[in-house]
Each structure stands twice: as C-alpha cells, then as structure tokens.
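> Right, I'll just put the structure down here and ask away after.
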Amino acid sequence: MIDIKDLIADPEKYRASQRDRGAEESAVDVLIEASEARTAAITRFESLRAEQKAQGKKVAKAQGEEKQTLLEQVKQLAAEVKAAEAQADNAAERLRAVQASFPNLIHDGVPAGGEDDFIILRTEGAVRDFAAEGFEPKDHLELAELLGAVDMQRGAKVSGSRFYFLTGIGARLELAMMQMGLDQALEAGFTPMITPTLVRPEAMAGTGYLEAHDDVYHLERDDMYLVGTSEVALAGYHADEILDLSDGPARYAGWSTCYRREAGSHGKDTRGILRVHQFNKLEMFVYCAAEESKAEHERLLGWEEQMLAKMELPYRVIDTAAGDLGLSAARKFDCEAWVPTQGTYRELTSTSDTTTFQARRLNIRERTVRADGGKGPTRPVAMLNGTLATTRWIVAILENHQQADGSVRVPQALRPYLGGLEVIEPK
C-alpha cells in the first residue's frame, strides 16, 4: 500500500498518477477523508479514556453521595469509551480497506494510458525473412507435434482445455532453459529457491493480487490459493521481518509451477502453449533499499535481456503504460519476442518495481543506520520481480529457430544443457 503520510503531504502527485492510470482521482480525497476520520475517532477515544481515568481517581477519594454520583458518571463514561473504541476500530478498518485498494504511485516518465499506450524503448535482433529463405514458417504447435515435444490432446483429456503434456524433447527443452537461467542467476548472486505453490490469503493479499486479479485459483475448503507466480511466495518469505540490507540487496531466484485461470481471455491464444492454465517459471525477486529500486530495476531488465540474447531471439523492450501496470507496480518493463507466424511481438518477460508498496502490506522493513553508526529507525524495503525463464519461451524458440524440413536449431548457449544437441529433428 502507499505511504498515507506522503499522500496527505502531496496529494496532487497522487491525483496525477491516478489520471495517468485512467483511475479515479477522487480516490485520493476518499483516502484523505478516511485518514482524517480515523485520526478524529482515535482522538475522541483517547480523550474519553483519559477522562474516564481521571474520574476513576476522583471516585477513589470521594465518599457518600458524591461517590455515588461519580460512580454513575464513570459508568456512563465507560459506555462512551467502549462505543468510541468501536468507532475508532471501524475507522481504522475502513482506512485499511481504502488504502489496500489504492494503487501504487507510478514513477515519473511512465507513459499514460492503457494496454496499447506503451512506449517501445528499443528493438534487438533481426527478424528472419522466411519468404526469402523459400519456405512458410510453421507455428509452434505444429512444430512441437512434429518434434514430439507437446501433447495437447492428452493434456485436454486429463485436465481440460489449456492443459498439455511436455513430452520428450519438450520436457528436456524446458528443463534446459530453466537450468540455464538458474546458472545465470547464481552468477549474479541470487539464492535459488523452490517455492510453495499454495499460499495463505495473507501472502496473496500482501502482493496485491487479490484486489487486482480475477484469475487466481482458490481452494475454498482450505482457504489457500494456487500462485500465478513465485513472486507471491517470495514476497511473503520475509513477512513481518526486519532485514539487514547493509551488504546490498537480497536476491532470490524462485523456481515454481504457476497456475492462472486466464479469466477474460476466452477465445484468445487457445492454440498451443502460449496462454495456458499451468506452466513453470523462474522468477527473480529482490529486496533492497527504497532509493536503490530504480537502479535494481534496470539490472533485472539487463538480466532478462541477457537470457533473450542467449536464446538468439529477436525482441523489443517496452515501457508499460500506467493503466496496464496493475495495483502494485510503479513501473514495469516487458520484453516481447517476435513470433513469426503471428507477425507480432509477444511478452516473454516482465519486470516490475513495486517500490515499498508490497512491503507495507507485508510489514517488511530494514534497519537504518544513523550518521554516527548507531542503529536508526526501521523503514519499509523496496521489492522488485522479474521473469528469467518460463514455459512460454518454447513458443519463440521453436518458431524463430525452425528450418525448412521441420527441424529446429538449438541456440548455441542452450546446447550444453541438452547434451550438446545442435538440431532437434522431427520424429
């Protein structure tokens, strides 16, 4: 959640952020009013409680009729204090609810608008001219079936639509890609993590996913959620803790299976494994000091681009528009790879700077150090995330590296992870 003190001190920058998101500016005033109502309710409660204590002292000294009169007053005050405490609790709960639904303050320079208003920061790699090479490219599913890499039919038989089996070289290809990503993460100082895929509501709410996403799977009997990214578990990992970041950011690489309902995507990308209900993902997650988050965000993007370069994929980097950021992100960069049979770029990686937004919800802080070297007060940390590899990458790898006979060339950097395999041949 956002820093309510900062919003009250400078509401106009939050109104501007809301405008750029295409969200209600009036939410700023609602939040200020809720904060003022909470303050007033607490003040009234504390004033009445102080009066109750003062009257109690008078009762102890009084005698006779005076004492009886004071006892009646104390009894009345006790009822008023109880009612005032309930009002203060209600006001605090309303403020929490309003604050929880208010989106993060966007960074300066984030493009205004919705899904189609992103800015292309750069384009890397050459798009192949298949016509000049003398053949029509096959889509990823046709290639995968020729190679014995994916079985959609049996996936649907076992689990329903948008489920699949990765088979043979398909399973090997995913594991190779994920291991290559993990090796890169280790070189960059990340701690590898295999994370839970079922989490409590507190962890899901802490990331902002419950308010902003309608595609999560909920197990009602257990009141648990299946994660759509290991970001959720990694964000909750240090909940209610004070971190020591004196040696720099704490970086984790989370490997997990992910689940998404894909609500609202009916009829979109139903062919193949581009948009599915279950997939694997290697996610980078970082805790750092708030003033370091922008630089760390650029580093996360650099590591994503390093992986895409190793895969020899043409791609572009976009600065996502404010209205497409979701609740938690202050800025998000996407890397989109070229998909030849679709004639467009599709998202392969995403990296978000959520600043201190998630940390405030999860009560994750760091201990500051005073100028004299002594312990300073605690403050919320910044939290960031970014994709390093995921099942969807197989789509771009197969289509961009296919050959006229239906075989697929293995990117040079990936070959050691496939036992030196250079070309994947059709079955």
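> Treating only the Cβ of Lys, Arg, Asp and Glu as charged (+1, +1, -1, -1), what charge dipole size does region 377-427 show about its Cα centre? Round to the nearest 20 debye.
Value, rounded to 20: 320 debye.
> Could you work out how far apart the two model spin labels at ILE119 and ASP240 are, taking each label as a point 7 Å from the Cα in the direction of the beta carbon, and quote it in nm?
My value for the distance between the label points is 4.2 nm.
> By how many nm would the segment from LYS294 to VAL30 lengthen if fully extended, with 0.36 nm per residue of separation less the alpha-carbon distance?
Extra length from LYS294 to VAL30 when fully extended: 92.1 nm.
> I want to check the label-to-label distance for GLU262 and ALA171. Put each point 7 Å from Cα in the C-beta direction and report it in nm to one decimal.
So the label points at GLU262 and ALA171 sit 2.2 nm apart.
> Let me ask something else about it. What number, rounded to the nearest 500 deg cm²/dmol, is the helix-based mean residue ellipticity at 222 nm of the chain, given -39500 (n - 2.57) per DSSP H run of at least four residues and division by all its residues?
-13000 deg cm²/dmol
> Going down the table (LYS281/LYS427; LYS332/LYS375; LYS53/LYS82; LYS268/LYS294; LYS138/LYS281; LYS268/LYS427), which pairs top 23 Å between alpha carbons?
In this structure, LYS281/LYS427; LYS332/LYS375; LYS268/LYS294; LYS138/LYS281; LYS268/LYS427 lie more than 23 Å apart at Cα.
> Compute the separation of the alpha-carbon centres of region 299-315 and region 70-106 and state it in Å as a whole number.
Between the Cα centre of region 299-315 and that of region 70-106, the gap is 51 Å.
> Report the calculated FRET efficiency for ALA156 and GLN342 (r = Cβ-Cβ distance, R0 = 22 Å), to the nearest 0.05.
Approximately 0.50, to the nearest 0.05.
> Say R0 is 60 Å: what FRET efficiency, to the nearest 0.05, do GLN68 and ASP10 get from their beta-carbon distance?
The pair GLN68/ASP10 has a calculated efficiency of 0.65.
> To continue, here is another question. Could you tell me which residue out of ALA62, ALA34, SER17 lies farthest along the dipole of region 4-101 toward its positive end? Charges go on the beta carbon: Lys and Arg +1, Asp and Glu -1, centred on the Cα centre.
ALA62
> Between ARG49 and GLU93, what is the spin-label point distance in nm, taking each point 7 Å from the Cα along the Cα→C-beta axis?
1.8
> So how much slack lies between LEU219 and LEU421, counting 0.36 nm per residue of separation and subtracting their Cα-Cα distance, in nm?
Going from the current span to full extension adds 68.5 nm.
A short reminder: the numbers here are calculations on the coordinates, not readings from a lab. Note that the structure is a prediction, hence the values are computed from the model and not measured. Counting neighbours? That spans all protein chains shown, and the Cβs are built from the backbone with ideal geometry, glycine included.
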